[in-house]
Amino acid sequence: MTRLQQSRTSRLTRPSLAVAAAIAVTAGVVAAAPDAQTAEPTPKLSLIAASTSVTLDSWKEEPGVYLDLGTYLTSENGALELKVTRKSYKDPVVAAQILRDGKKTRTKALPAGLVKDFTGLPDFTRITLTDAAGAKVLETTEAFCPNNASGRVRPDAPANSKYPESCPTNPFTLGSVWGVENGWASNTYAGYYTKPVQLAAGTYTAEIGVTEKYRKLFGIADKPQTVKVVVRERSWEDSAGSAARGAAKSTASGHDAHAQHNAHAQHGGHAQHDAHARHGAAADAPAPGAATSGAGPSFNAGHGPYPSAPPALPWALKRKSLGRQAVTAAEPGDGPGQTDGSRQAPGALPNAKRPTGKASVPDVPKPDLRSLPAYGITVSDGYEEVPGRDYLAFSANVWNAGPAKLVVDGFRSPGKEVMDAYQYFYDADGKQVGYTPTGGMEWDPRPGHEHWHFLDFASYRLLSADQKETVRSGKEAFCLANTDAVDYTVKNASWHPGNTDLSTACGSENSISVREVLDVGSGDTYTQDLPGQSFDITDLPNGTYYIQVLANPENRLKETDHGNNSALREVVLGGEKGARTVTVPPHHLVDAN
């Protein structure tokens, strides 16, 4: 399975906007929220419901219902914009609201401790369900990512939202921007970040409201929304059509992955690992959406131990493009220029021909490649490839702190197996002003790869306690893709990167040229979980080691700073051969693996 195929079944899905007209009609009755009197305008936020009734499925094979209730937070009189950062991994995550009035900008610090990570505002909505007899059967809260699936609530709103399309989930994220565009609405469904609830088939009434602390903080009116909820029990075997069964089973596998937090824990299924000879974390699996909701497996930059929160394709558009199939199939599939069924993310086109003239490295902004500490660390066996051995598997990320994007073209000479690679440089106006040869690209024909790898982008080493090299990973060539939003607060960060996966970024076997880009603010995660990628620890003694992630190991790429290319993550090996263990201490305040 290629990474593209894996991505179709391994990313969070967010509910699409119900029919746009339904939201527009609902938005028409939104009342202005009370707010403190200030001299400067502030966004008016309101909770709305796209529909008065939803139908949710409970599958017999995987019992539990995800509360996709179709509620949205609207922003009027300006955009809701939040800047979320941490100075370092020794510092806590902090958030501030950015208030804009024409050319004036002011910053309002949000309460310390309000957010713990970069996945959204915790406990934002409170959901209460009562049964047909009026008895309360559930009360819970859900987090809210303002960058969730969103759309306009009035026709004169900006045609496109400037804000990113997901909340980042890499445990070593450094900065993010969250926002609901002026005149837009963002879905409050927490999706993968919540747990399914146990509800018997029947009819319920859901009351959804914004919790008090956020009403006070943002001046949101206390006007809960009421939605009729019909829970129907279904079975894979009884569902009509193979496409529907496949979508349901894919969803169920996502539930299983969610229960275990990441697929690194699922060593019983070799298919999970075979699918991940791949970039990206093995964790991401689609959260469910009813077939009629328009929700389908989709994703965006930002995958780590937990998946990101991408937008979904508007239901009306999906129906138009897919016809009747959209009613039963939750997976729309890819089309030209699309990396998934939800958004356009075309890969950058290489120059028409290889550069000519004298190579030069001009004095213009360049990328700054930095490594993140390894995460998703676990011990695995050699599967069918190398049985009887112990391996240390992990995920690693190299990101671009800017201020310029990394652009590498590969050009193929007839009959040659390796493309010649060139790095390009641009002035402040985006004009190409220089280039330099930078190694090559090679075609990787192995299942799960089948794309062009740029050589010498990063290397991975297992160091002993005295930080001397003990084992080196055999994986040092990559196709570059913007898989993770690491820090969207750095200068020139691109909030809407292209080439977010291999379907657009890495070419095909008969490609004559390829362009690979690592945009400012984004990183590329690669999970080393197969023999030849992971570290063979079979004969290593127990004790303390360090996983080193090293960017640009041969310094072939030109960048602003070569001093921040290495990152170390401490690990402690234990156990016995065939039953090795690994303990991963926190990396300062980041206690995630």
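The values are calculated or read from the model by the stated rules, or taken from the named source; none is laboratory data. Nothing here was measured: the structure is a model prediction, and the numbers come from that model. Reconstructed Cβ throughout: ideal geometry from the backbone, glycine too, with neighbour counts over all protein chains shown. The area values use the complete protein model at the heavy-atom level, side chains included, leaving out ligands, DNA and RNA. Shrake-Rupley method; radii C 1.70, N 1.55, O 1.52, S 1.80 Å.
Past 31 Å, Cα to Cα, is the threshold; run LYS195/LYS228; LYS87/LYS223; LYS223/LYS491; LYS87/LYS366; LYS44/LYS405; LYS116/LYS577 against it and keep the listed order.
Too far apart for the 31 Å limit: LYS87/LYS223; LYS223/LYS491; LYS44/LYS405; LYS116/LYS577.
What is the log10 of I(q)/I(0) for the stretch 56-185, computed with the Debye formula using one identical point scatterer on each Cα and no solvent, at q = 0.11, 0.13, 0.17 Å⁻¹?
-0.51, -0.69, -1.01
Using a 1.4 Å probe, what is the accessible area per residue for the stretch 115-183, in Å²?
35 Å²
Can you compute the modelled spin-label distance between LYS353 and ASN555, with each label point 7 Å from Cα toward Cβ, in nm?
3.5 nm
Estimate the FRET efficiency between ALA135 and ALA112 by the formula 1/(1 + (r/R0)^6), using the beta-carbon distance for r and 25 Å for R0, to the nearest 0.05.
That gives a FRET efficiency of 0.05.
What FRET efficiency comes out for LYS104 versus ASP427 if R0 is 30 angstrom and r is the Cβ-Cβ distance? Round to the nearest 0.05.
With R0 = 30 Å, the Cβ-Cβ based efficiency is 0.50.
Applying the Karplus parametrisation 6.51 cos²θ - 1.76 cosθ + 1.60 with θ = phi - 60° to the phi angles of the stretch 564-579, what ³J(HN,Hα) value in whole Hz is obtained for each residue in order, glycine and proline being reported as x?
Values per residue, Gly and Pro as x: 10, 7, 10, 9, 10, 10, 6, 9, 10, 8, x, x, 10, 3, x, 8 Hz.
Name the long-range amide H neighbours of ALA592: under 5 Å, sequence gap of 5 or more, or other chain; modelled H, no Pro or chain starts.
HIS587
If DNA, RNA and ligands are ignored and the probe is 1.4 Å, what is the ranking of LYS353, LYS44 by accessible area, most exposed first?
These residues rank, largest area first, as LYS353, LYS44.
Accessible area per residue, 1.4 Å probe, Å², for the stretch 188-227: what's the number?
Per-residue accessible area for the stretch 188-227 comes out at 45 Å².
Going by average Cβ neighbours within 10 Å, how do the peptides 386-396, 214-224 rank, with the highest at the top?
Answer by packing, highest mean first, reads 386-396, 214-224.
I'd like the Karplus ³J(HN,Hα) series for the stretch 56-61: coefficients 6.51, -1.76, 1.60, θ = phi - 60°, whole numbers in Hz, and an x wherever there's a Gly or Pro.
Calculated HN-Hα couplings, in order: 10, 9, 10, 8, 4, 6 Hz.
If Lys and Arg each add +1 and Asp and Glu each add -1, what is the summed charge of the other residues whose beta carbon sits under 10 Å from the beta carbon of THR560?
-1
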